[in-house]
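Taking it in order: structure first as C-alpha cells, then the write-up.
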Amino acid sequence: MKVANWKDAVIYQIYPRSFKDSNDDGIGDIPGIISKLDYLKSLGVDIIWLSPVYDSPNDDNGYDICDYQSIHKDFGTMEDMENLINEAKNRGIGIIMDLVINHTSDEHPWFIQSKDKTSPYRDYYIWQDKPNNWTSFFGGKAWSKVDDSYYLHLFSKKQPDLNLKNLKVIEEIKNIMHFWLKKGIMGFRCDVINVIYKTSLANGKKRLVLTGLEHYHSQKGCHDILKELRKDVMDLYPNAFTVGETVLVNTKQANELILPENKELNMVFGFQHMETDQINNKWFKTKFKPKKFMKTIFKWQEEVFWNANYLENHDQPRSVSRFGDDKKYHSESAKMLAVLNLTLKGTPYIYEGQEIGMTNAYFDSLEDYQDVESKNIYQLAKKLGFPKWLRYRLLRTASRDNARQPVQWDATFGFTKGMSWLKENPNKRYINVLDNLKNEDSILNFYKELIKLRKSSDILKKGDFKRVYLSKHVFVYERLFEAKKLTIILNMSKKIHRYPFEIDGKKILGNYKEENNKLRPYEAVIISNE
Ligand code: TEU
Ligand code: CA
C-alpha cells in the first residue's frame, strides 16, 4: 500500500523500550511493535518515527550507539527489523529511524581504537591535551579524560562527539544512511543535528548552561554537511525525508535549515514553544502561561516554511500534565491539545501514549528515575546545595522519565507480564488503550476522528494559517484553502469563557452555540464556512 508523503502524513513516535514487550523481559521490542501495527493503522498513523533500536550500552537509552548497522538484542534481530519495515509497508505505514551522528557510544569500536594516539580513528573524535570551558547538555563539564588526553562530549561522558571535520567520518555516515534506506525506511529524524559541527574549540562565553554554544550552534560547516548528505544520499531515494531535532533555533535559523532552495533538511523540531514555561533552562519550570505558549506557536506558524508540530516526545513532560489538566479536566484538556496539534499548518507528530492522555510519572522515590540526564542533574543540584524538596521538584516537573513510562494497553498494564524496566503509572487503571477503544467519547476515539478529519481536508493539510485572536486563555486561528475556511477556537483554561466574537458557520467539532456562546473549560471547537 502507498504511504502518504511527509507533508500529508500523521507521524507517530515510538520509544521502543516503552511501547510493547512481546517476550516479557520487561523491555519493549520490535515484535511488540509489529503486534500493534493494526492498532496504529486504525488510529490513522501514516509514518512511524522509531527512536534508536541499534546496539548500545544504553547509557542514554540507545542514543549512545556502538554499532549503527545492528539491532540491540533487547529489541530483537535484524530480521525482526526487516519484518517490521515490510509489515508496516503492507499496511501503508512508512518508517523513519533516528540518525544520531553528533556522537557515538564510548563503546563503539571507533572510539575504543581512537584512544590510541597513533590510531587512524584518533581524529574520528575530538581529543585535546586539556579541556576548554564548555559544559554539557546533561550538566557538568563537556570533557572527560582518558590517559593524558581529554575528549569532547556535549552529552553524557559515554557519548563522545564525532569529529565532523573529518571527511572519513562523513563517508561513514553516508554508508549508515544508505544501509537503512536500502532496507526500505523513508528517512531519518536527525538527533541534535544543528550542533554537529564545531567551528572552533576556543573557550566559550560563560553561560548558566551550555558554555561554548556559540562555537557549535548552527554553524556554516553544519549547513555544508547537510547539503552534502542531501545531495549524496537523501535525494537518491524518492519520497525520503528528514526531520531535524534542532536545539535553540529561532524561526530564521529554522528556515535556513529547511527552505527547499537550501537543499538541507525537510523540516525541523523547534523548541521555542517548549521553552515558554521555564526560566533559562528546562529544569526551572514556571507556571504554564497559555498566551506566551500560543504566541510562540502562532509566530512559528507565520514565519516558518513548514512546521513539525509536536507537543510531547521522549524528552518532554506529558502535554496533558504540562499544558492541560491531568486531574479534573483530563479528557477535555487532552482533546483540546489534540485539536491544536492536528489543525496547525505543518506535519503533526504524536508521541506514544499521547492519544490516550498519558500523564507525567509523579514518582515519589529517587530510585524510580532511570534517565541519565535526570540523575546527572539531581547530583549536580545536590552538589550545589539545593534542598531535597527542590531536587525532587526538578525531577517531578522536568525529568524525561515523565515521557518514558510504558504505554498503558489495558487496566492491568498490558505492556509486559515481566518486571517493567521503568515503573508503570498506577493510573493505568483508568487511562489505557483498551478502555479508550470501548468508550466512544474517549480521547483515543477523538484522535481517530480528528486524524480522519485532517486527512480528508485540504484546508488542514495544505491551507494557509491566519491568527485571529490571542488572549489570556482563548485563542482563535483560521486555516484557509481556496475559498474554504476552518476557524479553530481553543479555551486553554479551567474557566468558562464567552466566545470572543460571533463566528458564522457550521460546527464540525465541539459544541458551538449549544451553550449560548460559551466555551466550557478546555473546550475546542472547529467551525467550517462551507
Ligand atoms: O536530545 C537533545 C537534547 O538537547 C535533549 O537534551 C533535549 O533537548 C532535552 O532533554 C529537552 O528536555 C536528543 C535526544 O532526543 C535525547 O533523547 C538524547 O539524550 C540527546 O539528543 C543525546 O543524543
Ligand atoms: Ca521485550
Exercise. Are any residues in segment 416-439 in a loop (DSSP other than H, G, I, E, B), away from ligand 2 (no atom under 16 Å from the Cβ) and exposed (fewer than 15 other Cβ atoms within 10 Å of the Cβ), and if so, which ones?
Worked result: Y430, N439
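How many residues does segment 330-377 contain that are at positive phi and modelled with pLDDT under 95? Let's see the steps before the verdict.
Of all residues in segment 330-377, those at positive phi come to 346, 353, 357, 362.
After this cut, where a residue has to be modelled with pLDDT under 95 as well, the list is 362.
Result for segment 330-377: 1.
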Exercise. Name the residues in segment 370-415 that are farther than 26 Å from S333 by Cα, within 14 Å of ligand 1 (Cβ to nearest atom) and in a loop (DSSP other than H, G, I, E, B), would you?
Worked result: Q370, D371
Problem set entry | Breaking point among (1) open to solvent by 10 Å² or more (accessible area, probe 1.4 Å); (2) under 23 Å from the mean Cα position of the chain (by Cα); (3) aliphatic (A, V, I, L, M), for I350 | (1)
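If the requirement is being at pLDDT 95 or above, surrounded by fewer than 21 Cβ atoms within 10 Å (Cβ to Cβ) and over 25 Å from K494 (Cβ atoms), which of these qualifies: K327, K299, K292? Outline the logic, then answer.
Working: K327 fails: over 25 Å from K494 (Cβ atoms); K292 fails: over 25 Å from K494 (Cβ atoms).
Going through K327, K299, K292 in turn, just one is at pLDDT 95 or above, surrounded by fewer than 21 Cβ atoms within 10 Å (Cβ to Cβ) and over 25 Å from K494 (Cβ atoms): K299.
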Problem set entry | Selected residue (only one of K438, K455 is basic (K, R) and more than 27 Å from T359 (Cβ to Cβ)) | K455
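Going by the conditions given, is L236 surrounded by 15 or more Cβ atoms within 10 Å (Cβ to Cβ), over 23 Å from T296 (Cα atoms) and of a type in the set (A, V, I, L, M, F, W, C)? Give the steps one after another, and end with the answer.
Working: surrounded by 15 or more Cβ atoms within 10 Å (Cβ to Cβ): no; over 23 Å from T296 (Cα atoms): yes; of a type in the set (A, V, I, L, M, F, W, C): yes.
No: the conditions fail for L236.
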Problem set entry | One residue from K227, K220, K198 being among the basic types (K, R), farther than 30 Å from G140 by Cβ and either without any contact (Cβ under 8 Å) to a residue 12 or more places away in the chain or not assigned by TED's automatic domain parsing to the domain that holds N133 (or both) | K227
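Please tell me if N402 is open to solvent by less than 60 Å² (accessible area, probe 1.4 Å), touching a Phe, Trp or Tyr at 6+ places or on another chain (Cβ under 7 Å) and either modelled with pLDDT of 95 or more or within 16 Å of ligand 2 (Cβ to nearest atom) (or both). Can you show your working first?
Details: open to solvent by less than 60 Å² (accessible area, probe 1.4 Å): yes; touching a Phe, Trp or Tyr at 6+ places or on another chain (Cβ under 7 Å): no; either modelled with pLDDT of 95 or more or within 16 Å of ligand 2 (Cβ to nearest atom) (or both): yes.
Against the criterion (open to solvent by less than 60 Å² (accessible area, probe 1.4 Å), touching a Phe, Trp or Tyr at 6+ places or on another chain (Cβ under 7 Å) and either modelled with pLDDT of 95 or more or within 16 Å of ligand 2 (Cβ to nearest atom) (or both)), N402 does not qualify.
Could you tell me whether D315 is among the charged types (D, E, K, R), surrounded by fewer than 23 Cβ atoms within 10 Å (Cβ to Cβ) and under 18 Å from the mean Cα position of the chain (by Cα)? I'd like the intermediate steps shown before the answer.
On the way: among the charged types (D, E, K, R): yes; surrounded by fewer than 23 Cβ atoms within 10 Å (Cβ to Cβ): yes; under 18 Å from the mean Cα position of the chain (by Cα): yes.
Yes.
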Problem set entry | Contacts under 9 angstrom Cβ, first residue in segment 422-437 being touching a residue at least 24 places away in the same chain (Cβ under 8 Å), partner surrounded by fewer than 17 Cβ atoms within 10 Å (Cβ to Cβ) and of a type in the set (A, V, I, L, M, F, W, C), 6 or more apart | N432/A411; L434/A411; D435/A411
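Any chance you could count how many residues in segment 103-113 are buried (at least 23 other Cβ atoms within 10 Å of the Cβ) and within 16 Å of V372 (Cβ to Cβ)?
Step one: filter segment 103-113 for residues buried (at least 23 other Cβ atoms within 10 Å of the Cβ), giving 103-106, 108.
After this cut, where a residue has to be within 16 Å of V372 (Cβ to Cβ) as well, the list is 103-106.
Residues meeting the conditions: 4.
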For this session: Evaluate segment 35-51: report whether one residue or more is buried (at least 23 other Cβ atoms within 10 Å of the Cβ), within 14 Å of ligand 2 (Cβ to nearest atom) and at pLDDT 95 or above.
Result: no
For this session: Could you pull out the residue among N23, N86 that is open to solvent by 10 Å² or more (accessible area, probe 1.4 Å), at pLDDT 95 or above and more than 20 Å from W421 (Cβ to Cβ)?
Result: N86
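Just for strands (runs of 3 or more DSSP E) wholly inside segment 440-530: which have at least 3 residues that are within 27 Å of the chain's Cα centre (by Cα)?
Hits in segment 440-530: 464-470, 474-481, 484-491, 524-528.
I'd like the full set of residues that are in a helix (DSSP H, G or I) and touching a residue at least 40 places away in the same chain (Cβ under 8 Å), limited to segment 345-369. Give the derivation first.
If we filter segment 345-369 for residues that are in a helix (DSSP H, G or I), which is where we start, we get 354-356, 366-368.
Residues satisfying the conditions are Q354, E355, I356, D368.
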For this session: For segment 143-162, indicate whether the set of residues that are touching a helix residue (DSSP H, G or I) at 6+ places or on another chain (Cβ under 6 Å), without any contact (Cβ under 8 Å) to a residue 60 or more places away in the chain and more than 16 Å from ligand 2 (Cβ to nearest atom) is non-empty.
Result: yes
For this session: Select from segment 29-49 the residues that are hydrophobic (A, V, I, L, M, F, W, C) and touching a Phe, Trp or Tyr at 6+ places or on another chain (Cβ under 8 Å) and write down the one among them that is farthest from ligand 1 (Cβ to nearest atom).
Result: L43
Exercise. Name the pairs whose Cβ atoms lie under 8 Å apart, with the first residue in segment 315-335 and closer than 17 Å to V407 by Cα, the second open to solvent by 20 Å² or more (accessible area, probe 1.4 Å) and among the polar types (S, T, N, Q), and 6 or more positions between them or separate chains?
Worked result: P317/T397
For this session: Would you mind stating whether H223 is at pLDDT 95 or above and part of a loop (DSSP other than H, G, I, E, B)?
Result: no
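The values are calculated or read from the model by the stated rules, or taken from the named source; none is laboratory data. Everything numeric in this text was worked out from a predicted model, so none of it was measured. Here the Cβ is made from the backbone with ideal geometry for all residues, glycine too, and neighbour counts use every protein chain on show. Please note that ligands, DNA and RNA were not included when accessible areas were found on the heavy atoms of the full protein model with its side chains. Shrake-Rupley method; radii C 1.70, N 1.55, O 1.52, S 1.80 Å.
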